[in-house]
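The structure appears below as structure tokens.
Throughout, read-outs are computed from the coordinates displayed, never taken from laboratory work. What you see is a predicted model; the values in this text were computed from it and never measured. Methodologically, a virtual Cβ is constructed for each residue, glycine included, from the backbone with ideal geometry; neighbour enumeration extends over all protein chains shown.
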């Protein structure tokens with residue numbers, strides 16, 4: 001008597017951007033060893049194209065760039081990745097651009113875009129359209145490599161609700177599509193839009209009362225920037241990537257042109273359609289320029305002071321850890337080690353000893369002050385020293401007599417930063433950059449251990465340290481800062497200063513910005529919040545997340561540290577290595593998972609740098625293996641005639 005075959009196990013991945021694609025690759029890589037002969041159907045649900053999702057969709061404006069070098073982007077695991085699943089290597093973005101078959105590339109990109117792809121250098125900053133093609137190619141490759149037992153079904157729509165039904169999960173889709181009945185659901189939603197907070201509501205109301213323009217936080221490429229009129233004075237809050245995108249779209253995107261002066265600087269020829277942007281932020285300066293060169297010496301062997309033995313010893317302590325007191329000195333020592341390794345090996349003429357002498361004293365120094373004494377002794381030029389505090393807040397403690405004086409100072413700061421970060425005689429900065437990246441894994445392990453005090457984990461690691469990392473290591477390409485300086489020279493950009501605040505002047509009917517850097521104010525008829533929306537579940541614009549929250553099936557992370565301190569991070573809480581969704585009753589849902597920037601356990605980035613044992617790969621592999629193991633060990637096989645197709 002023959003045994004009737006059972007229907008496939010089914011899972012739904014809600015969101016189909018790069019995070020979902022990388023998870024799908026890890027599911028495919030582990031499927032043969034873990035499915036035990038079972039078959040699997042995977043539903044990818046996203047109104048945007050699977051593989052690229054919303055942010056990396058193919059119709060991105062051609063002027064928008066990535067903040068990463070082509071040589072520093074990959075979606076493939078390599079031998080540096082410490083995971084239980086199989087390693088399946090593949091080309092970085094740069095390698096792919098020069099190895100993908102001509103015929104295959106022609107199916108992925110129009111001729112002009114294909115030529116742009118072929119012209120990439122390892123130190124190019126690709127456009128987002130180029131990255132969109134690479135992501136699309138990766139997704140197609142994952143699909144083509146699926147074992148026969150795994151099928152992927154794409155649904156170009158939005159998931160708007162999720163219900164339990166006995167052992168199954170029912171995914172409700174927008175429109176007329178029938179609900180999906182699956183065994184497991186994974187939320188891979190990326191960064192979530194949010195309804196305005198109380199301040200945003202106040203600004204919206206003021207804009208209606210006084211005929212002003214207010215643009216809340218959002219994906220810059222999707223904002224209606226036509227609301228910003230030619231010659232209009234606009235206050236922009238935020239100095240990160242969203243601001244950079246804004247600046248490009250209202251200048252070159254409106255017909256202006258940047259002309260190379262031949263001395264490394266740019267001149268801007270206006271179209272006449274540009275607004276005047278007054279920009280301010282907490283730091284009051286833009287993120288540091290990306291580095292566009294390579295190390296002169298071999299990379300410093302890491303980890304050195306943040307190795308497993310040191311971390312194990314740290315975590316064995318009985319007392320709660322404090323990041324600034326217990327961990328930051330190790331991180332600074334590690335990053336400094338890589339910085340000075342490059343300095344002493346590549347620029348020996350600027351040091352006062354050989355590397356062996358310096359390294360011995362550096363290793364034996366017991367405190368940060370002793371390290372500083374060693375550095376001061378053997379590195380005579382302060383410009384050749386690594387100092388986190390000095391780097392982090394360049395306007396701290398400075399007071400200017402006027403906004404014009406502040407403006408000139410910030411302009412000179414930006415010019416100096418671009419000059420340094422594009423001059424490989426300062427390649428020690430790249431050594432520090434590499435060490436910052438490699439330290440992420442150690443910091444993540446410490447943060448996930450539960451040994452850090454809750455307040456330190458949220459304020460120091462998730463707040464200050466991550467902010468410093470983004471500022472130092474994830475800034476714009478140098479050309480973008482040269483363009484900023486050209487727009488400043490043309491009178492189209494003005495700097496407000498540090499600790500920028502905005503209020504509504506009801507009598508004048510205007511937005512007014514002020515700063516702790518000077519006594520002056522800026523008056524404008526438009527305000528754009530050029531920052532990423534603060535994480536929030538309660539005000540999430542995503543209907544699925546809002547409905548789950550209202551029923552207590554997802555919760556926001558609320559962190560307390562004694563009776564005196566509590567904060568709501570706005571992040572979706574996930575638990576365990578499988579990143580299961582936590583619920584209001586204190587349980588975690590065994591058949592619901594979530595990963596990405598909207599959770600309280602985000603990996604660093606949706607894609608990764610090659611050969612860095614990237615956290616995203618390790619996290620995706622762990623979640624994929626947990627999902628596959630749960631499928632084959634749960635009593636959810638059904639007769640084939642009852643399967644939902």
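Applying 1/(1 + (r/R0)^6) with R0 = 30 Å to the Cβ-Cβ distance of residue 106 and residue 260 gives a FRET efficiency near 0.40.
Rounded to the nearest 10 degrees, the angle from helix 403-421 to the longest Cα principal axis of the chain is 70 degrees. Extending 7 Å from Cα along the Cβ direction at residue 577 and again at residue 632 yields two label points whose distance is 1.7 nm. As a calculated quantity, the FRET efficiency between residue 587 and residue 534 at R0 = 22 Å, using C-beta atoms, amounts to about 0.20. Taking every DSSP bridge with both residues inside the chain, close to 50 percent are antiparallel. The stretch between residue 296 and residue 84 holds 72.9 nm of extra length on full extension. This uses 0.36 nm per residue minus the Cα-Cα distance. Subtracting the Cα-Cα distance of residue 541 and residue 219 from 0.36 nm times their residue separation leaves 114.6 nm of extension gain. The distance from the alpha carbon centre of region 292-362 to that of region 159-229 is 43 Å, rounded to a whole number.
How high is the FRET efficiency from residue 405 to residue 210, r the C-beta distance, R0 41 Å, rounded to 0.05?
Values: r = 31 Å, r/R0 = 0.75.
The pair residue 405/residue 210 has a calculated efficiency of 0.85.
Eigenvalues of the alpha-carbon gyration tensor of region 308-473, scaled by 5 and square-rooted, set the equivalent ellipsoid semi-axes at 28, 24, 14 angstrom, largest first.
Annotation: peptides 620-632, 296-308, ranked by per-residue average of other Cβ atoms within 10 Å with the highest first, follow the order 620-632, 296-308.
For the chain, the Kirkwood estimate of the hydrodynamic radius, built from every pair of different alpha carbons, is 26.6 Å. For the pair residue 267 and residue 198, label points projected 7 Å from Cα toward Cβ lie 5.2 nm apart.
Using helices alone, I'd like the mean residue ellipticity at 222 nm for the chain: each DSSP H run of four-plus residues gives -39500 (n - 2.57), total over residue count, nearest 500.
So the helix-based figure for the chain works out to -10500 deg cm²/dmol.
Quick one: Cα centre-to-centre distance for region 242-262 and region 461-495, in angstrom? Centre-to-centre distance over Cα atoms comes out at 14 Å.
Using only the Cα atoms of region 108-248, build the gyration tensor, take square roots of its eigenvalues as a ≥ b ≥ c, and label the shape rounded, prolate or oblate: rounded if a/c is under 1.5, else prolate if a/b is larger than b/c, else oblate. In terms of gyration-tensor shape, oblate.
I need the peptides 522-535, 393-406 ranked by packing, meaning the mean over residues of other C-beta atoms within 10 angstrom, with the highest value on top. Working shown, then result.
On the way: 522-535: 21.0, 393-406: 15.8.
Going from most to least packed, we get 522-535, 393-406.
Using Cα pairs under 8 angstrom and six or more residues apart, how large is the relative contact order of region 308-473, in percent? List each step's numbers first, then the result.
Details: 101 pairs, mean separation 67.9, N = 166.
Relative contact order comes out at 41 percent.
Once Rh is set to the Kirkwood radius over Cα pairs, what Stokes-Einstein translational diffusion coefficient, in µm²/s, holds for region 40-90 at a temperature of 25 °C and a viscosity of 0.890 mPa s? Show your work: numbers first, answer last.
Details: Rh = 14.2 Å.
Using the Kirkwood radius from Cα pairs, D works out to 172 µm²/s.
Mean sequence separation of contacting Cα pairs (under 8 Å, at least six apart), scaled by the length of the chain, corresponds to a relative contact order of 23 percent.
Distance between the pseudo-spin-label points of residue 310 and residue 564 (7 Å out from Cα toward the beta carbon): 3.1 nm.
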